[in-house]
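The values are calculated or read from the model by the stated rules, or taken from the named source; none is laboratory data. Just so it is clear, the model here is predicted, and its values are computed rather than measured. Cβ atoms come from the backbone with ideal geometry, glycine included; neighbour counts cover every protein chain shown. With ligands, DNA and RNA removed, areas are computed over all heavy atoms of the protein, side chains included. Shrake-Rupley method; radii C 1.70, N 1.55, O 1.52, S 1.80 Å.
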Amino acid sequence: MTGSTAAPVDAPADPREPWSALPEAGLDLLFRTARSHKAWLPRPVTDTLLRDIFELAQFGPTSTNGQPARLVFVRTAEGKARLGPALHAGNVSKMMQAPVTAIIGHDLAFHHHQHRLFPHRDVAAEYRADPEHAHTTAMRNGTLQGAYLMLAARARGLDCGPMSGFHNEIVDAAFFAGTSVRSNFLCNLGYGDAAVLLPRLPRLAFDDVCSFA
Ligand SMILES: Cc1cc2nc3c(=O)[nH]c(=O)nc-3n(C[C@H](O)[C@H](O)[C@H](O)COP(=O)(O)O)c2cc1C
């Protein structure tokens, strides 16, 4: 704890202060014991829970508050049948077994909402003038929002199984035809079967990938 004066008992805790930071068990849930799951327990995931994780994830930051991610939660047999042909063979059963498969896409025309989401500057004009910049921005921030979604899901006790082994153009034709939305990656959501997990693969060390400047 920093400072020498005790806070009043009813003062709201500052979540950035170390004494009120996420407990170790929360860090385990989000990172240290969380795995990428490939097999799923037959336990349903409600639409209410999906809405809840979205409501958490939407607070993650995006450039010019653009929020380009567009999500489809595929959880019906009809939806799964539409998604199936897009997947690489090794991913089909992982998707079919999962209670929900989220398609994480991004809207290349996300700037249509910028006047509402970032009203103090006309950034839509900047994106319109430079479509390549708009597309890069959509991809960058849509990817970030997909990551926020995975952490929100983990925070609510769900497991994730992200997958990029699929044909984006098939998913786009099946789910986003006639729109400016493009798929990025898929993420199975549910309660993973930890019994079939292989041991964790190594991570690169701080000194392998980080430097100071
Ligand atoms: C964007 C992305 C794409 C991935 N694509 C696949 C995939 O197509 N099939 C698969 O089985 N796993 C896929 N994975 C899972 C990774 O292999 C896994 O996250 C990584 O090996 C770390 O595993 P761990 O989280 O259990 O430690 C993907 C992960 C990410 C983040």
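Taking into account only those residues within segment 81-100 that are away from the ligand (no atom under 16 Å from the Cβ) and either part of a helix (DSSP H, G or I) or out of contact with any Phe, Trp or Tyr (no Cβ under 6 Å at 6 or more places or on another chain) (or both), which is least open to solvent (accessible area, probe 1.4 Å)? Break it down stepwise before answering.
Let us first name the residues in segment 81-100 that are away from the ligand (no atom under 16 Å from the Cβ), namely 81-82, 99-100.
Remaining after also requiring either part of a helix (DSSP H, G or I) or out of contact with any Phe, Trp or Tyr (no Cβ under 6 Å at 6 or more places or on another chain) (or both): 81-82, 99.
Values: ALA81: 61, ARG82: 99, PRO99: 30 Å².
Applying the filter and picking the extreme gives PRO99.
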Single residue of LEU49, LEU41, LEU29 found to be within 16 Å of the ligand (Cβ to nearest atom), open to solvent by less than 90 Å² (accessible area, probe 1.4 Å), of a type outside the set (Lys, Arg) and at pLDDT 95 or above: LEU29
Test: residue in segment 121-138 that is open to solvent by less than 10 Å² (accessible area, probe 1.4 Å) and not in a helix (DSSP H, G or I): no
Residues of segment 157-192 satisfying the condition of being open to solvent by 40 Å² or more (accessible area, probe 1.4 Å) and touching a Cys at 6+ places or on another chain (Cβ under 9 Å): PRO162
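Please verify whether segment 190-204 includes one or more residues that are of a type in the set (Gly, Ala, Ser) and within 24 Å of HIS111 (Cβ to Cβ).
From segment 190-204, those of a type in the set (Gly, Ala, Ser) are 190, 192, 194-195; that's our starting set.
Among the residues that remain, those that are also within 24 Å of HIS111 (Cβ to Cβ) are: none.
Checking segment 190-204: not a single residue is of a type in the set (Gly, Ala, Ser) and within 24 Å of HIS111 (Cβ to Cβ).
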Tally, over segment 18-62, of residues that are farther than 30 Å from PRO199 by Cβ and of a type in the set (Ser, Thr, Tyr): 4
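Output the residues belonging to segment 62-80 that are outside any helix (DSSP H, G or I) and either open to solvent by 70 Å² or more (accessible area, probe 1.4 Å) or touching a residue at least 12 places away in the same chain (Cβ under 8 Å) (or both).
The first filter runs over segment 62-80 and keeps only residues outside any helix (DSSP H, G or I), leaving 62, 66-76.
Those that are outside any helix (DSSP H, G or I) and either open to solvent by 70 Å² or more (accessible area, probe 1.4 Å) or touching a residue at least 12 places away in the same chain (Cβ under 8 Å) (or both): THR62, GLY66, GLN67, PRO68, ALA69, ARG70, LEU71, VAL72, PHE73, VAL74, ARG75.
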Residue list for segment 143-156, filter: open to solvent by less than 40 Å² (accessible area, probe 1.4 Å), among the small types (Gly, Ala, Ser) and more than 12 Å from the ligand (Cβ to nearest atom): ALA152, ALA153
Filter result (away from the ligand (no atom under 15 Å from the Cβ) and either outside any helix (DSSP H, G or I) or in contact (Cβ under 8 Å) with a residue 40 or more places away in the chain (or both)) within segment 157-169: GLY157
Only one of THR143, THR179 that is of a type in the set (S, T, N, Q) and not in a helix (DSSP H, G or I): THR179
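Out of PHE59, PHE54, I need the residue that is open to solvent by 60 Å² or more (accessible area, probe 1.4 Å), farther than 24 Å from SER164 by Cα, within 15 Å of the chain's Cα centre (by Cα) and not aliphatic (A, V, I, L, M). Which one? So that I can check it myself, show each step before the final result.
Numbers: PHE54 fails: farther than 24 Å from SER164 by Cα.
Sole residue among the options that is open to solvent by 60 Å² or more (accessible area, probe 1.4 Å), farther than 24 Å from SER164 by Cα, within 15 Å of the chain's Cα centre (by Cα) and not aliphatic (A, V, I, L, M): PHE59.
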